[in-house]
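Asker: Dropping the structure in here first, questions after.
Here, each number is a calculation from the coordinates, and none is a lab measurement. All figures in this text were calculated on a predicted structure; none of them were measured in a lab. A quick note on method: Cβ atoms are made from the backbone with ideal geometry, for glycine too, and the neighbour counts reach across all protein chains shown.
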Amino acid sequence: MLSLASVTKRYGSLTALAGVSLNIERGEFFGLLGPNGAGKSTTMSLIAGLRAPDTGTLTLDGQPLNAGSAVARLSLGLVPQHIALYSELNADENLRIFGSLYGLSGSDLRARIDAALEAVQLTDRRRDAVKTFSGGMQRRLNLVAALLHRPKLLLCDEPTVGVDPQSRNAIFEYLEQLNRDGLTIIYSTHYMEEATRLCSRIGIIDHGKLHALGTLDELLTKLPFEEEIRFPATPATAALAAQLPAHGELTTTTDGLHRFRPHPATKLSSFFSLAESHALPGRLFTSQRPTLEALFLHLTGRTLRE
Amino acid sequence: MHTILVLVRKDFTNFFRNKPALLLTFVIPFVMIYLFGQIFGINRKDSGPNGIPLAVVNLSDNPGAAKLVDALKAEKSFRVLTKFVNPDKSTRPLTEADARALMQGSDAPFRFALVIPADLISTKTIGLRFKILSNPRNEIETQTVNGVLQKTIFTNVPELLAQSLQARAKDFLGDARLQKFNGAIAGAVAGTFGGDKAQIERDLSGGDFGISQLTQSPKPADPTLRRLDPTPAPARSAASVAATASAAPKSDPPTLDSHPSPAASAAAQIIKFETEQVVGANVKSPAATAIVGGWAIQFLLFALSASAVSLFRERDAGIFQRLLASPVTRAQILLGKFVYGVSIGLIQLLVLFFAGRILFGIEVEKHLGLLILVCAFAAAACTSFGMLLAAIAPNAEAANGMATFLIMMMSALGGAWFPISLMPQFIQQFSKLTLVYWSMEGFSNVLWAGMSFVQLLPVLGILGGITAVVMSLAIWRFNRGKIFE
Ligand SMILES: Nc1ncnc2c1ncn2[C@@H]1O[C@H](COP(=O)(O)OP(=O)(O)OP(=O)(O)O)[C@@H](O)[C@H]1O
Ligand SMILES: [Mg+2]
């Protein structure tokens with residue numbers, strides 16, 4: 001449906017996107033996972049036609065996506081990273097404005113607004129100025145404002161920042177419902193939990209480069225280990241840490257945590273007997289299934305939240 | 001204490017980061033003080049206005065009249081025109097008809113003319129008769145010109161005045177009796193104040209009452225003069241005669257000359273000015289037209305730049321992203337702002353003019369159609385100004401700072417605060433570069449001069465031109481600038 005080929009975008013001397021290539025199929029729930037400044041919003045803005053790439057091409061349904069193409073705009077919906085609403089106006093008025101800009105009017109628009117407000121549980125606040133909304137409520141309105149015209153492709157740029165777990169869950173369910181009904185979604189986030197839960201396919205992006213691309217399982221097989229053991233980097237564990245490189249890969253995160261990934265040949269039981277020999281209690285150690293977080297660290301050398 | 005110092009330092013750091021605040025704190029007041037200083041002549045040896053155009057038609061062959069013309073030419077408040085230049089570069093003395101012609105039109109070069117009639121000194125009435133033609137678009141200017149004219153006439157040609165008295169007395173008393181009267185007065189003066197009776201008598205019949213000595217170098221602040229009340233007896237009686245014999249004087253004593261000498265105020269009553277308004281004679285409130293127009297346009301500028309600056313708010317809120325992702329183009333966003341600005345500006349101007357109608361009786365309905373047209377053009381020019389600000393400023397704060405500065409400058413220069421003719425010539429050159437000037441021109445052309453649509457076209461053209469040029473610049477800058485990034 002959408003394809004990016006060697007897309008590059010520079011802001012002055014800063015390269016925000018360095019040759020990103022990507023194909024997105026109809027009906028996909030695609031996740032773009034990366035830390036601050038990775039280039040997620042830049043990617044979204046290029047797809048939405050807000051900016052033109054310096055090099056490379058973007059196509060939607062085989063048609064080149066050049067900035068200003070009216071047809072493309074009608075089939076796209078953008079949920080900006082920041083709350084992009086008229087805060088002095090109420091929820092109803094905001095939706096009426098954005099719906100009208102897509103050529104909606106009359107009872108059709110009316111019905112869509114009602115449904116949208118219902119879907120994000122804002123019906124009883126529809127006449128209140130948006131500035132009186134809580135952060136989570138604003139987020140929800142920000143989301144449905146991009147859906148009134150029923151786009152084929154929805155671009156969600158970190159739509160859950162500052163939303164409490166309950167509202168977040170409501171948003172997830174709503175998006176999953178929309179996706180089941182056939183909406184293609186590109187979802188950017190720096191929460192690996194979100195990407196893990198929502199996305200059928202994930203791209204890991206950092207410093208403007210797409211480091212990995214695939215389903216969750218495909219991505220995790222890229223990790224050269226199956227299990228990761230974490231324990232605090234303290235003087236008490238120093239002696240153990242000194243012995244570990246012989247048995248696997250040891251890294252230390254900036255927040256003072258050792259991460260040990262045993263070689264395939266190394267048995268977990270032998271690791272724990274080694275720990276016992278240093279008189280270290282078992283509660284110091286946590287064992288983890290490989291995660292996107294671990295993959296990200298493995299690929300980029302930094303954590304997602306750095 | 002340390003805490004407070006830290007907090008104070010933080011404010012200073014912020015303040016010096018904020019260029020617009022710096023501009024508002026230091027530069028704008030300085031420029032304004034300079035402008036006002038120029039107008040009120042602080043630091044100049046000669047205060048008061050400079051070079052107000054004045055057409056002078058001299059129909060009298062009295063040598064005193066020629067002297068008056070020279071005095072007017074020497075008066076730096078005026079730029080005097082006495083000759084009509086024919087197409088072949090030859091000249092002839094200006095006629096009253098020439099003067100009237102010079103005072104017509106949208107950009108009339110002269111708004112004031114002095115006609116010195118052939119019968120300047122009449123034996124039928126006491127006093128001097130002058131005719132002032134005016135196109136008094138602005139009350140301050142009119143008052144100023146009247147004041148300076150009267151001051152000049154009085155301080156420079158007292159003998160004209162005295163000649164008039166003597167002529168009247170001769171007519172009234174007969175030659176012989178006048179001579180006797182002069183002799184008696186001279187005797188009384190010599191007896192009371194001392195002096196040579198023969199000399200005094202000669203002076204009296206020549207019309208020299210000693211006023212010239214008093215007023216040629218008027219030192220109104222001189223305490224001795226004030227204490228002694230030195231008004232010469234003849235002048236004083238002349239004043240009382242004038243008060244009864246002549247119709248009530250039309251205008252008040254000079255306004256600019258804030259310390260009129262007693263003699264001057266007495267004499268002001270016997271110089272009669274027949275004032276004829278050449279343009280707008282039937283307009284009910286001339287002063288209000290300029291005042292309402294000037295302030296309305298200034299606040300319109302403030303309102304419209306604020307609305308243009310809201311572009312920054314929308315950008316910062318990310319609303320442009322949402323709009324531009326929908327089937328909305330940059331041009332449409334800008335055009336939307338423009339149409340909004342023109343509409344709100346038009347409404348604001350009309351509301352203010354209707355308020356002027358209620359408060360001051362400005363005749364709005366009579367010219368409603370053309371007034372709406374001019375207001376729309378003025379609103380368009382003001383809107384484009386606001387849009388250009390938003391286009392060139394890096395952020396809302398900077399735009400607001402620049403707006404305040406430029407609006408105050410344009411209002412002062414363009415004549416919204418005081419008549420531009422009161423400003424020094426070199427500053428006046430900039431007036432016509434401001435849209436405030438042309439908007440006010442438009443208002444006064446409609447409400448004051450009662451012009452027709454065709455006569456309005458030049459001003460509309462200029463306002464439209466300003467709008468087109470400024471908007472093109474703004475759009476060009478918007479497309480290259482950061483506001484849509
Ligand atoms: N308008 C801009 N002008 C200059 N540089 C920019 C601009 N927008 C983004 N950048 C830079 O481009 C890089 C990528 O930014 P982008 O906003 O795409 O990151 P992101 O992945 O969305 O980050 P975040 O999670 O913080 O939203 C960053 O280094 C950022 O500083
Ligand atoms: Mg972002």
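Asker: Find, among the GluC sites (Glu not before Pro) in the range A:64-144, those assigned to loop by DSSP (not H, G, I, E, B) with at most 16 other beta-carbon atoms within 10 angstrom.
Answerer: Working: sites: A:Glu88, A:Glu93, A:Glu118; in loops: A:Glu88.
Passing both the DSSP loop test and the Cβ count: A:Glu88.
Asker: Grab the other residues whose beta carbon is less than 12 angstrom from that of A:Asp181, score K and R as +1, D and E as -1, and report the net.
Answerer: Numbers: positive: A:Arg150, A:Lys152, A:Arg180; negative: A:Glu176.
Residues near A:Asp181 contribute +2 overall.
Asker: By its C-alpha gyration tensor, with a ≥ b ≥ c as the square roots of the eigenvalues, how is the range A:228-289 shaped: rounded for a/c under 1.5, else prolate for a/b larger than b/c, else oblate? All intermediate terms of the calculation are to be shown ahead of the outcome.
Answerer: Values: a/c = 1.39, a/b = 1.12, b/c = 1.25.
Rounded shape, in that the Cα axes give a/c under 1.5.
Asker: Can you tell me which of A:Leu284, A:Leu175, A:Leu220 moves the most in a GNM of chain A? Springs connect C-alpha atoms under 10 Å apart.
Answerer: A:Leu284
Asker: Roughly how many nanometres apart are two label points built 7 Å out from the Cα toward the Cβ at B:Ile358 and B:Ala468?
Answerer: In this crude label model, B:Ile358 to B:Ala468 measures out at 3.9 nm.
Asker: Give the percent of DSSP beta bridges with both residues in chain A that are antiparallel, rounded to the nearest 5.
Answerer: Details: 32 of 50 bridges.
Beta bridges within chain A, antiparallel portion: roughly 65 percent.
Asker: Also: To the nearest 10 degrees, how steeply does helix A:165-180 sit against the main Cα axis of chain A, on a 0 to 90 scale?
Answerer: On a 0 to 90 degree scale, this one is about 70.
Asker: If a paramagnetic tag sat 7 Å from the Cα of B:Glu397 along the Cα-Cβ line, which residues of the range B:293-324 would have the backbone N under 15 Å from that point?
Answerer: Backbone N within reach: B:313.
Asker: Could you pull out the pairs from A:Lys9/A:Lys152; A:Lys131/B:Lys337; A:Lys9/A:Lys131; B:Lys73/B:Lys432 whose alpha carbons sit more than 28 Å apart here?
Answerer: On the way: A:Lys9/A:Lys152 25 Å; A:Lys131/B:Lys337 23 Å; A:Lys9/A:Lys131 34 Å; B:Lys73/B:Lys432 26 Å.
Table pairs above 28 Å Cα-Cα are A:Lys9/A:Lys131.
Asker: Give me A:His211, A:His82 sorted ascending by neighbouring Cβ count inside 10 Å, so fewest comes first.
Answerer: A:His82, A:His211
Asker: Something else now. Taking 0.36 nm per residue of sequence separation and subtracting the Cα-Cα distance, how much length would be gained by fully extending the chain between A:His82 and A:Glu276, in nm to one decimal? Can you show the working numbers first?
Answerer: Details: separation 194, 0.36 × 194 = 69.84 nm, distance 5.05 nm.
Between A:His82 and A:Glu276, full extension yields an extra 64.8 nm.
Asker: Tilt of helix A:135-144 relative to the longest C-alpha principal axis of chain A, in degrees (0 to 90, nearest 10)?
Answerer: 60 degrees
Asker: Moving on. Name the residue, out of A:Ala265, A:Ala116, A:Ala38, whose mean-square fluctuation peaks in a Gaussian network model built on chain A with Cα pairs under 10 Å.
Answerer: A:Ala265
Asker: Taking R0 as 25 Å, what FRET efficiency do you get between A:Arg150 and A:Asn23 from their Cβ-Cβ distance, rounded to the nearest 0.05? It would help to have the intermediate numbers written out before the result.
Answerer: Details: r = 23 Å, r/R0 = 0.93.
The formula returns an efficiency of 0.60 here.
Asker: Which ordering of A:Asp128, B:Asp196, A:Asp92, A:Asp157 is given by a fewest-first count of other beta-carbon atoms within 10 Å? Don't skip to the answer; put the middle values down first.
Answerer: Working: A:Asp128 14, B:Asp196 11, A:Asp92 18, A:Asp157 23.
Fewest-to-most ranking of A:Asp128, B:Asp196, A:Asp92, A:Asp157: B:Asp196, A:Asp128, A:Asp92, A:Asp157.
Asker: A further question follows. Rounded to the nearest 10 degrees, what's the angle between the helix A:268-277 long axis and the longest principal axis of chain A, both from Cα atoms, 0 to 90?
Answerer: The angle comes out at about 60 degrees.
Asker: Follow-up. Near A:Arg230, within a Cβ-to-Cβ distance under 14 Å, what is the net charge of the other residues, with Lys and Arg +1 and Asp and Glu -1? Provide the component values of the computation, followed by the final result.
Answerer: Numbers: positive: A:Arg259, A:Arg261, A:Arg283, A:Arg289; negative: A:Glu227, A:Glu228, A:Glu249, A:Asp255, A:Glu293.
Around A:Arg230, the surrounding residues sum to -1.
Asker: Let me ask you something else. Give me B:Ile462, B:Ile358, A:Ile205 ranked fewest to most by other Cβ atoms within 10 Å of their Cβ, as a rough exposure proxy.
Answerer: Values: B:Ile462 19, B:Ile358 9, A:Ile205 26.
By the 10 Å Cβ count, ascending: B:Ile358, B:Ile462, A:Ile205.
Asker: While we're here: What do you get for GluC sites (Glu not before Pro) in the range B:358-456 restricted to DSSP loop and a cutoff of at most 11 other Cβ within 10 Å of the site's Cβ?
Answerer: Numbers: sites: B:Glu363, B:Glu365, B:Glu397, B:Glu441; in loops: B:Glu363.
In loop regions of the range B:358-456 (DSSP not H, G, I, E or B), there are no sparsely surrounded GluC sites (Glu not before Pro).
Asker: Pop a pseudo-label 7 angstrom from the Cα along the beta-carbon direction at both A:Ala246 and B:Val454 and give the gap in nm to one decimal.
Answerer: About 10.9 nm separates the two model spin labels.
Asker: Could you work out how much longer the chain between B:Asp70 and B:Arg177 gets when fully extended? Use 0.36 nm per residue separation minus the Cα distance between them, nm to one decimal.
Answerer: 35.0 nm
Asker: If you keep only loop residues by DSSP, which chymotrypsin sites (Phe, Trp or Tyr not before Pro) in the range A:78-147 have at most 11 other Cβ atoms within 10 Å of their Cβ? Each step should come with its number before you reach the end.
Answerer: Working: sites: A:Tyr86, A:Phe98, A:Tyr102, A:Phe133; in loops: A:Tyr86, A:Tyr102, A:Phe133.
Of the chymotrypsin sites (Phe, Trp or Tyr not before Pro), not one in the loops of the range A:78-147 has a Cβ with at most 11 other Cβ atoms within 10 Å.
Asker: Modelling each spin label as a point 7 Å along the Cα-to-Cβ direction, I'd like the A:Leu284/B:Val339 distance in nm, to one decimal.
Answerer: 7.2 nm
Asker: Another question about this same structure. Mind checking the mean number of beta-carbon atoms from other chains within 10 Å of the Cβ atoms in B:313-322? Could the numbers behind the result be given before it?
Answerer: Working: counts 2, 2, 0, 1, 7, 9, 10, 3, 12, 16.
Mean inter-chain Cβ contacts per residue within 10 Å come to 6.
Asker: Sticking with this one: Compute the signed sum of charges (Lys and Arg +1, Asp and Glu -1) over the other residues within less than 9 Å, Cβ to Cβ, of A:Leu78. Before the final figure, lay out each step's value.
Answerer: Details: positive: B:Arg322; negative: A:Asp157.
Its environment carries a net charge of 0.
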